[in-house]
1. Using the heavy atoms of the protein chains alone and a 1.4 angstrom probe, what is the accessible area of the stretch 183-233 per residue in square angstrom?
2. Mind ranking 124-137, 265-278 by how tightly packed they are, going by the mean number of other C-beta atoms within 10 angstrom, highest first?
3. What is the extension gain from LYS226 to ILE57, computed as 0.36 nm multiplied by their sequence separation minus the C-alpha to C-alpha distance, in nm to one decimal?
4. What distance in nm separates the simple spin-label points at PHE123 and VAL265, each placed 7 Å from Cα in the Cβ direction?
5. Is the shape of the stretch 165-211 best called rounded, prolate or oblate, per the rule: a/c under 1.5 gives rounded, else a/b larger than b/c gives prolate, else oblate, with a ≥ b ≥ c the square roots of the Cα gyration tensor eigenvalues?
6. For labels at VAL169 and LYS276 in the simple 7 Å Cα→Cβ model, what's the distance in nm?
7. Subtracting the Cα-Cα distance from 0.36 nm times the residue separation, let me have the gained length for LYS140 to SER44 in nm, one decimal.
Amino acid sequence: MVFGQVVIGPPGSGKTTYCNGMSQFLQLVGRKVAVINLDPANDSLPYDCAINIEDLIKLEDVMAEHSLGPNGGVTFVLVVELYRVIRVADMQLDSLYCLSSVAIYEQCYFSDSTLSLVYCMDFLEKNIDWLEAKLKPLLKDHYLLFDFPGQVELFFLHENAKKVIMRLVKKLDLRLTAVHLIDAHLCSDPGKYISALLLSLSTMLHMELPHVNVLSKIDLIESYGKLAFNLDFYTDAHDLSYLQHHLDQDPRSAKYRHVYIPDKVSVGNLVKLIDKTNGYIFAGIDSSAVEFSKIAFTVAAVQEKYIKDNEVFDDEIITSPPPPPPSIAERDLRKDER
């Protein structure tokens, strides 16, 4: 069995920095690591990649040959999906509306702002044998890190990336965990935070992999403004009703873990969780080299290190009647009392 991580997340969430730091950390604890760059738009790699998708297809060539924009897929995918849903549901729409939908579909297909990265993923899927052949020499003793593009629709709506991953999982017997990075500064804006939760949940359901949500760049979280609640409120996402005074809805959510790549304790704690989800800890591999697994790294420790306590949670921030959510200790105490 071969273990690894599928690193995904929106643009700017720190995927490449994460792969670079994670590979260095894993090498320090005795694992042989191979980083696979599957982002054709990533032209500045801080790490040495074992496999690079640019050896198969170049984004610039796709843009030049098909007159496509660099961010392709957003308009095309959403319109096509909407049109497909309309057809499947057999809605009673007038013929003029249906014809206009077809026209939009055709225009998007050939527009200058679509399809480049989606095209590259589709090309990779059709040439999956190339990737399998590149991976086979690494399967004996390497831990794999897959650095994917930041086009979020590839992982909650489109099928190409999912099919590539599933093909590798089944044919090469890989044990992979999806590591979904979200920039921690989104916690400072309730609307953006809710959007991040919905994106994480959609991605979890779509990818069908063991999944770890991560708030990246945790060291910068306070620079974007004071948080309305303690950090554990955002990492646990246990009761979003406390955000109702900011929003009109209370959607479902998924828990997050936090990471600051230069902090080896933070990274070690995340590796422990990922190892549990993909089964690495049960394989009996290099047990002598993973003493870092004894590290206990709590949300409270992160808050103490990166977030100042003075006046962060004063009454001026909470402008509505609802009281602040209970702390982790208080929730545990209530459970014991029950």
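1. Accessible surface, normalised per residue, equals 36 Å².
2. Put in order of decreasing packing, that is 265-278, 124-137.
3. Details: separation 169, 0.36 × 169 = 60.84 nm, distance 4.41 nm.
In short, 56.4 nm is gained.
4. 4.6 nm
5. Values: a/c = 5.20, a/b = 2.88, b/c = 1.80.
Since a/c reaches 1.5 and a/b is larger than b/c, the shape of the stretch 165-211 is classed as prolate.
6. Spacing of the two 7 Å Cα→Cβ label points: 2.0 nm.
7. Taking 0.36 nm per residue and subtracting the Cα distance, the gain is 31.7 nm.
The values are calculated or read from the model by the stated rules, or taken from the named source; none is laboratory data. What you see is a predicted model, and the numbers here were worked out from it, not measured in a lab. Positions of Cβ are generated from backbone atoms using ideal geometry, with glycine treated the same way; all protein chains shown enter the neighbour counts. Each accessible area value is taken on the protein alone, full model and side chains, heavy atoms only, with ligands, DNA and RNA left out. Shrake-Rupley method; radii C 1.70, N 1.55, O 1.52, S 1.80 Å.
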